[in-house]
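Data first, discussion second: the structure below is written as structure tokens.
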Amino acid sequence: MGQIQKMGSGAARLALTVVALSVAAASFAQFYSLGFPTRVFDKTTKHAAGPKIALESLSTVNTYSFFPAIDNSIGQKAIRPRPREANRPLPVGRSNRLIAGSTTSQTNSNTGALFPGIQFTGLVPPDCSAAVGLGHIVQTVNSRIAFYDKVTELATFLQNSTQFFAGLPGVVSFQFDPRAIYDQYNDRFIIIFLAQDDGSSASQVLIAVSDDGDPNGNWNRFLLDTSVTIGGTDSWLDYPMVGHTEDALVISGNMFGFGGGPFTGIQSFVISLADLYANTGVTSTPFTVTGQGFNLQPGETYTPGATTVFGISLNTTTSVRLWAFTGLDTATPALASTTVAVPSFGTVGAAPSGSVTFGIDTISGRTMDAVSRGTRFLGAHTIQAAGPTKSSIRWYEFEMGTWPTAGSPTVVQQGNITLPGNQWACMPAISKNADDSISVLYTRSSSSIVSDLVVSSRSTFDPLGTMGAPTLIKQGIAPNAAGRWGDYFTVAVDPNDDRTFWGHGMVTRSDGLWATEISSWTVSRVTQTLFDPVSISTLMGTHTGGGLAQILSSDNAYYDVSAVLASGIGFFASNQIEFTVTTDPALTVELLFTLEAQSNPTETVTGTVFLWNWNTGQFEIGNSFSLKPADNTFTCKLTSNLQRYISGGGQVRIAFRAHDPFRHNGARPQAFQFRTDLVKLQVSHIVP
């Protein structure tokens, strides 16, 4: 078919038909669990790449050729669930005293758009993934693909993956575990599905890339053969995890023996995006890793010019393994790994979903999401909470520096999202925006909560390791009876402002089956506003020169006060300085006073800042410091109970005092001149 011009959306809102299929219907990879080798590596390990593998069956499909554009029928056949594998124990790591942060009572997330995504398709779990572009959202689940207009929130395309990939030579029928990403550097969408046949002999990764930032229209489609023999076992790829730079796509997955065989290792592929977009000569560079963990999660990269994709997996109960796919702008990429100690953690089983005691599978603690921004790398997974048996979420932020070229990664902060009472938290997706705000989307459940979709966020002003209180996105209706959940959610940052977060997760409907939700939110930002004083007056001493103008800038022009003697106490000089602030006292999180002053001519005295409490009508002591004959710059910072220091009219009042006391050794105080050169107030406040 020739090129078809792109058309406006104009489609009706997605309204999917409830499908009466058994909740037990599940994907071919229905039950798989976290497996770990007994060998533990604590040193940097490099991995050699194998020969390049050509991607087969290049073809193009145009989404305008589908009629109807929105197809509510079920095209994927139901697959009998596999027996659940027993969880393999995580190797016990060396004990340490590292501590993870906790949640706060501050709600930092401000909800925005919320609209229904794809509804139950007959497969469990949905494997929620979504990509957010400039004007569109691409959503994938087991096993459907949908496009939405971000402004109207209307679906413009909905098809089964088997229809979308039909005509791709060699493709097999069962398709599952989808991923969708948006390449913000090249304005393209990328869709990935796994495929496997019933004869247990084929393992494929299906890749489709849009021709521009509008998903409606042409897509190039590719097939990558991922079956490989590892340690004598013919293996297939499961649970794809995806990362990318502006140059390369990285796909990683867990390998299992066909026909319910054992976990055999990790296989990863590096593919040139330029080749994918050009639709010619596409090859992949494979890396097969054995004996070094499970679930290598590459990170989404929000770093222009980056040539490395970082990844994370679990290593022991007290360490994680960090990975680096390097040289992604070259024809010879490489893979390195190292381990980093983290606070001890354990794993836990299924969470309650209302009346169903084991209603939500927490997926045994595997790393589930990761993101890079600059030299910082973040990851998240589910752990067992301390105390009562329930699940929490553990998240990390690492400083990667120049590793693996030189140096080693270090932990910047790490925290636990532990909910109160008997509330469980699992299935985290994490991202970070241009403000360095971090958001985690996850599931909250308990014996009385069936399946809440919630988000916790932190701003850069929050203490390291802390995450804000949960904000409800969508409430589930009926208990989940399918057991499986997730297996993953998605958080992405809107490329229009690089600040708004978009999330894709699931809840339960009134019939207990899953439904997906697409939502957006912002994180309250903390910004700083600088205020000049509006008045200055003398409290103690004799004013000898200068006025308000002399304390507005650091120019060696002074407001001068000669100290006076207080009998039996010493010499004193003090000023009263007032500000008028225009920020909301309720949203103020820090008051920072900067003062520049000196004593004259030779005496070093004690300087002290006092703050006026408008509730009590008294001054309260702030900071004290040594005030020397040369200019000195001091700061006084307050971060709690700030509303008492701001009047209803926005007045802030301080007293700035200099004091030379009688000494215990009998030394007598000396007269001095108190000279103030500069006074400023910086107010840090939340911007919703």
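The values are calculated or read from the model by the stated rules, or taken from the named source; none is laboratory data. If you're wondering where the values come from, they're calculated on a predicted model, not measured in any experiment. When we count neighbours, we look across all protein chains shown, and the Cβ atoms used for this are built from the backbone with ideal geometry, even at glycine. Calculation scope for accessible area: heavy atoms of the full protein, side chains included, ligands and nucleic acids excluded. Shrake-Rupley method; radii C 1.70, N 1.55, O 1.52, S 1.80 Å.
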Solvent-accessible area of THR111 with every protein chain in place, 1.4 Å probe, in Å² to the nearest 10: 80 Å²
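Ordering THR107, THR382 from largest to smallest accessible area (1.4 angstrom probe), what's the sequence?
Details: THR107 70, THR382 5 Å².
If we order THR107, THR382 from most to least accessible, we get THR107, THR382.
Going by the alpha-carbon gyration tensor, a ≥ b ≥ c the square roots of its eigenvalues, is the stretch 90-164 rounded (a/c under 1.5) or, if a/c is not under 1.5, prolate (a/b greater than b/c) versus oblate?
The shape class here is oblate.
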Listed residues GLY546, THR229, GLN196: farthest to the positive end of the dipole of the chain (Cβ charges): THR229
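Please get the size of the charge dipole for the chain, origin at its Cα centre, with Cβ charges of +1 on Lys and Arg and -1 on Asp and Glu, quoted in debye to the nearest 20.
Details: 41 positive and 49 negative charges, 351 e Å.
Using Cβ point charges on Lys, Arg, Asp and Glu, the chain gives about 1680 debye.
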Square roots of five times the Cα gyration tensor eigenvalues for the chain, Å: 57, 26, 25
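Contact order normalised by length for the chain, with contacts defined as Cα pairs under 8 Å and 6 or more residues apart; what percent is it?
Values: 2015 pairs, mean separation 82.0, N = 688.
Answer for the chain is 12 percent.
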Peptide ranges 560-567, 161-168 listed from the most packed, as the mean C-beta count within 10 angstrom indicates: 161-168, 560-567
Cα-centred dipole magnitude for the stretch 185-262, charges only on beta-carbon of K, R (+1) and D, E (-1), debye, nearest 20: 180 debye
Solvent-accessible ranking of TRP502, TRP485, largest area first, probe 1.4 Å: TRP502, TRP485
Heavy-atom accessible area ranking, 1.4 Å probe, most first, across ASP149, ASP177: ASP149, ASP177
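Arrange the peptides 319-326, 93-100 so that the one whose residues have, on average, the most other Cβ atoms within 10 Å appears first.
Values: 319-326: 24.9, 93-100: 13.1.
Going from most to least packed, we get 319-326, 93-100.
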Residue among ASN575, LEU638, ALA667 farthest towards the positive dipole end of the stretch 550-688, charges placed on Cβ: ALA667
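If you place +1 on the Cβ of every Lys and Arg and -1 on the Cβ of every Asp and Glu, how big does the dipole about the Cα centre of the stretch 445-557 come out, in debye to the nearest 20? If you can, show how the numbers build up before the last one.
Values: 6 positive and 10 negative charges, 57 e Å.
Rounded to the nearest 20 debye, it is 280 debye.
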Top positive-direction residue, dipole computed over the stretch 591-688 with Cβ charges, set VAL609, ILE621, LEU681: ILE621
Above-threshold pairs, the threshold being 24 Å between Cα atoms, out of LYS390/LYS432; LYS432/LYS637; LYS628/LYS680: LYS390/LYS432; LYS432/LYS637
